[in-house]
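Enquirer: The structure follows.
The values are calculated or read from the model by the stated rules, or taken from the named source; none is laboratory data. Keep in mind it's a predicted model, so treat the numbers as computed, not measured. No Cβ is skipped: glycine too gets one built from the backbone with ideal geometry, and neighbour counts run over all protein chains shown.
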Amino acid sequence: MRLIFIGPPGAGKGTQSARLVEFLQIPHLSTGDMLRQAVRDKTDAGRHAESFMERGDLVPDDVVMDLVRERLERPDCGAGALLDGVPRNQRQADLLDEALARSRMQLDVALELRVPDEAVIQRLAGRGRGDDQPGVIKRRLESYWRQTRPLLDYYQERGILHRIDGLGTPDEVFERIKGALQAAPGEVPPHCKVPGS
């Protein structure tokens, strides 16, 4: 099963991603981790990405997607993968579709972790980090929604978007995610099936 997580900063994607990859027994493909590893390994993509990262700029879509494509072709992704941090915009979604099609794969599920903006601001402000000031958080949320709303429509039209209420305890949210996976069109691994489903 190949799936992506969509949700604003502070929605709890990190917590739920860790649970999900353990539950599904698939690799967790974080674009941030892949970029940092490519820089450490001094690959072509890593060298290209490093200059953008040092300036604090976003790494170009083509560079990010080259890394994702290469990673998806490794044997451990044969049974699926959880993509984290990609796609961030429609261009990345198109490039991801092309990469998967080339490898005769498809995206099975897009999970949207829904948390109201007010709750996100409260959660992030509670962390006490320098970049978690309410004004900064609001700008990050505006940027997130501007880029992400078209993606939600795109995956909704394809019939693979599942909206998950992100409020509640981590256990409650994870139970909702598992329920959504049982209803998803992709093949849920046998060890993950709920009895009677």
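Yes/no per residue for (1) within 20 Å of Leu151 (Cα to Cα); (2) modelled with pLDDT of 90 or more; (3) acidic (Asp, Glu); (4) within 17 Å of the chain's Cα centre (by Cα):
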{"residue": "Phe5", "(1), (2), (3), (4)": "yes, yes, no, yes"}
{"residue": "Gly46", "(1), (2), (3), (4)": "no, no, no, no"}
{"residue": "Gly56", "(1), (2), (3), (4)": "no, no, no, no"}
{"residue": "Arg69", "(1), (2), (3), (4)": "yes, no, no, yes"}
{"residue": "Glu73", "(1), (2), (3), (4)": "no, no, yes, no"}
{"residue": "Leu96", "(1), (2), (3), (4)": "yes, yes, no, yes"}
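Table: residues versus (1) under 17 Å from Leu83 (Cα atoms); (2) surrounded by 15 or more Cβ atoms within 10 Å (Cβ to Cβ); (3) without any contact (Cβ under 8 Å) to a residue 24 or more places away in the chain.
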{"position": "Ser103", "(1), (2), (3)": "yes, no, no"}
{"position": "Glu112", "(1), (2), (3)": "yes, yes, no"}
{"position": "Val120", "(1), (2), (3)": "no, yes, no"}
{"position": "Arg123", "(1), (2), (3)": "no, yes, no"}
{"position": "Gln133", "(1), (2), (3)": "no, no, yes"}
{"position": "Arg146", "(1), (2), (3)": "no, no, yes"}
{"position": "Tyr155", "(1), (2), (3)": "yes, yes, no"}
{"position": "Asp165", "(1), (2), (3)": "no, no, no"}
{"position": "Thr169", "(1), (2), (3)": "no, no, yes"}
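Enquirer: What's the number of the condition Ile26 fails, among (1) assigned to a loop (DSSP other than H, G, I, E, B); (2) farther than 21 Å from Gly80 by Cα?
Expert: Every condition holds for Ile26 apart from (2).
Enquirer: Given the options Ile6, Ile26, name the one that is farther than 15 Å from Leu111 by Cα and of a type in the set (A, V, I, L, M). Steps first, answer last, please.
Expert: On the way: Ile6 fails: farther than 15 Å from Leu111 by Cα.
The conditions single out Ile26.
Enquirer: When residues of the range 115-167 are filtered for being of a type in the set (D, E, K, R) and under 15 Å from the mean Cα position of the chain (by Cα), how many remain?
Expert: Taking the range 115-167 and keeping what is of a type in the set (D, E, K, R), we get 117-118, 123, 127, 129, 131-132, 138-140, 142, 146, 149, 153, 157-158, 163, 165.
Pick out the ones that are also under 15 Å from the mean Cα position of the chain (by Cα) and you get 149, 163.
Result for the range 115-167: 2.
Yes/no matrix, rows are residues, columns are (1) of a type in the set (D, E, K, R); (2) over 19 Å from His162 (Cβ atoms):
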| site | (1), (2) |
| --- | --- |
| Cys77 | no, yes |
| Leu82 | no, no |
| Pro87 | no, no |
| Gln92 | no, yes |
| Leu100 | no, no |
| Asp108 | yes, no |
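Enquirer: Do you know which of the residues in the range 15-40 that are within 27 Å of Ala183 (Cβ to Cβ) and free of Cβ contacts under 8 Å to residues at least 24 places away in the same chain is surrounded by the most Cβ atoms within 10 Å (Cβ to Cβ)?
Expert: Among those that are within 27 Å of Ala183 (Cβ to Cβ) and free of Cβ contacts under 8 Å to residues at least 24 places away in the same chain, it is Ala18.
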